[in-house]
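Below is one structure, written out as structure tokens; the observations come after it.
The values are calculated or read from the model by the stated rules, or taken from the named source; none is laboratory data. Remember, it's a predicted structure, so these values are computed and weren't measured experimentally. Methodologically, a virtual Cβ is constructed for each residue, glycine included, from the backbone with ideal geometry; neighbour enumeration extends over all protein chains shown.
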Amino acid sequence: MAVKRAPARTGIALQGLTKSFPGGRGPVHAVRGIDVSIGLGETVALLGPNGAGKSTTIDLLLGLQDPDAGAALLFGGSPDEAVAAGRVGAMLQTGTLIRDLSARELIAMVASLYPKPLGVDETIALTQIEDVADRRTQKLSGGETQRVRFAIALVSNPDLLVLDEPTVAMDVESRRAFWSTMRELAERGKTVLFATHYLEEADAYADRAVLMAHGSVVADGPPTEIKAAVGQRQIRATLPEAETEALEALSGVTRAERRGAAVVLRCSDSDASIRALLDRFPEARDIEIVGAGLEDAFVELTGAGREVDA
Amino acid sequence: MRLATYTRYELLRTFRNRRFMVLALGFPLVLYVLIAAPNRHEQSLGGTGISAPLYFMVGLVSFGAMNAVLGSGARIAAERSTGWNRQLRLTPLSTRTYFRTKVMTGYALALVTILLLYAAGTVLGVRLSGGEWVRMTSLILVGLVPFAALGILFGHLLSPDSIGPALGGTTALLALLGGVWFPIGASGAMHDLAQALPSYWLVQAAHVGTGGSGWGPRGWLVIAIWSLGGAWLARRAYQRDTKRV
């Protein structure tokens, strides 16, 4: 396909990006033609379950792999150009640190490769790793290693920061420190893309969530909009006798599920639904109405819940 | 960009890996002492007119230096398995600088190995003129170039599990066929094969110390071909090696 140059104010432009890998039973379509444009200064969560194509998308946009079709552009140019100019900081999903240096030395080593790095001490303070900075990298715990890897991504003072599942190996304390640093970076106007399958992280820290499933983008918008795109509230009630078809016919109910003696109604208009429910099934007991989290939006949009129907 | 800083840390972390250093530097030294010390009064080994300590010193210098330079492959394979190589691709580090740093590290290790063996040789009675030491060492350093390229090539092709046997086997074979342990005869199929190997010319370089004449045009040509071919393949392997390991 024809590749357009992205406008200069675009941080990341993915245009018809496609990538397959040979697999045992025919090719595995990891990324099936995605179009995403991320502006400068945006903080975007790339959201999706394992196997959705997030890591492949990140490899493609960083130039670590070449797409079969389409293109990834960073700041209007190729990924390699952006990397060579030192404009990209990245923390990949897999990977650990090389041994026999202290965290501080390793950060200084990486800093020496960039044209305008942050100071080593500044980076250590920013990522809150003072406590482990003088320890050899092979003696760090999993969570500490992740924090040092984050420092390595940051020391370049990048315009674009790409993080693939950054908090996976982190404990609660590391995670807290990590997100407070991320807020500070967003305030400095960095463009940030992070992949995660923690929905609460996307909800709490991203301006925008791009939801991927089976190699395609299934939703793209503010996390609140994604929630609005599906049933916003759930009604749970103990109701052993009712048929799910009858429940789904109620006003404002988008989907009904039976869980033993209880039923769960996903609602687009829970006010109308509760009135209809009590009118039609006055015997309903233990009624709860809860706001659906992004978790539910996720299940709805990625089709994980549809397997139940199949 | 301060490339000296990058190279300095690379050297620092190599020399800090104690287990590696003991094996890389200690092995040729111990081997030398074991072979040469019992024969240190033998002044004409097998009637060659070369003293045993000198003969075994030049043999082990070629073997130890080759080992040290090829060893960079093992360190590269280990770095790749941690995903560090992919992390480096996301920095402005150029292929050229990456290679230069790896080659410098290999050479630093080789130099230390060579100097330790020279010192041990001197203790066992080896005496050469200043000019001979310098000519021998300079030619050895040139002769190591193909091995530096091969080390990087292996490091980017093999996994940490397979690189140990691969490097061990390659070194043993190249050493044997190159005449590290036994002189290669002056003619025959063995001689022709040996002359096509960089290890043969590395051994010839070391034998400047025993009165050898170094390399003729053929030696320079073989070393140049292996260097350029090895460097080309190593560069290709490095540039293709961006996949998740």
*Would you mind listing the helices (runs of 4 or more DSSP H) fully within region B:14-119 where at least 2 residues are over 30 Å from residue A:87 (Cβ atoms) and free of Cβ contacts under 8 Å to residues at least 12 places away in the same chain?*
B:18-36
*asked:* For region A:169-196, which positions are surrounded by fewer than 16 Cβ atoms within 10 Å (Cβ to Cβ) and either touching a residue at least 60 places away in the same chain (Cβ under 8 Å) or in a strand (DSSP E or B) (or both)?
replied: A:189
*Can you tell me which of A:149, A:104, A:99 is over 20 Å from residue A:175 (Cα atoms), of a type in the set (Lys, Arg) and either facing chain B (nearest Cβ under 10 Å) or part of a strand (DSSP E or B) (or both)?*
A:99
*Which ones in region B:208-245 are more than 14 Å from chain A (Cβ to nearest Cβ), touching a residue at least 60 places away in the same chain (Cβ under 8 Å) and exposed (fewer than 13 other Cβ atoms within 10 Å of the Cβ)?*
B:211
*Go through region A:266-293 residue by residue and tally those that are assigned to a strand (DSSP E or B), among the aliphatic types (A, V, I, L, M) and modelled with pLDDT of 90 or more.*
1
*asked:* With the requirement that a residue be in contact with a helix residue (DSSP H, G or I) (Cβ under 9 Å, 6 or more places away or on another chain), away from every other protein chain (no Cβ under 14 Å) and part of a helix (DSSP H, G or I), what does region A:107-133 give you?
replied: A:121, A:123, A:124, A:126, A:130, A:131, A:132
_Complete set of residues in region A:70-94 that are in contact with a helix residue (DSSP H, G or I) (Cβ under 9 Å, 6 or more places away or on another chain), crowded, with 18+ Cβ neighbours inside 10 Å, at the interface with chain B (Cβ under 7 Å from one of its Cβ atoms) and not in a helix (DSSP H, G or I)_ = A:88, A:90, A:92
*Specify which of the listed residues (A:144, A:105) is over 30 Å from residue A:16 (Cα atoms), free of Cβ contacts under 8 Å to residues at least 24 places away in the same chain and more than 18 Å from the chain's Cα centre (by Cα).*
A:105
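Residues are listed down the side, and each one gets a yes or a no for (1) free of Cβ contacts under 8 Å to residues at least 60 places away in the same chain; (2) under 20 Å from residue A:199 (Cα atoms):
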position: A:45; (1), (2): no, yes
position: A:61; (1), (2): no, no
position: A:68; (1), (2): yes, no
position: A:90; (1), (2): no, no
position: A:100; (1), (2): yes, no
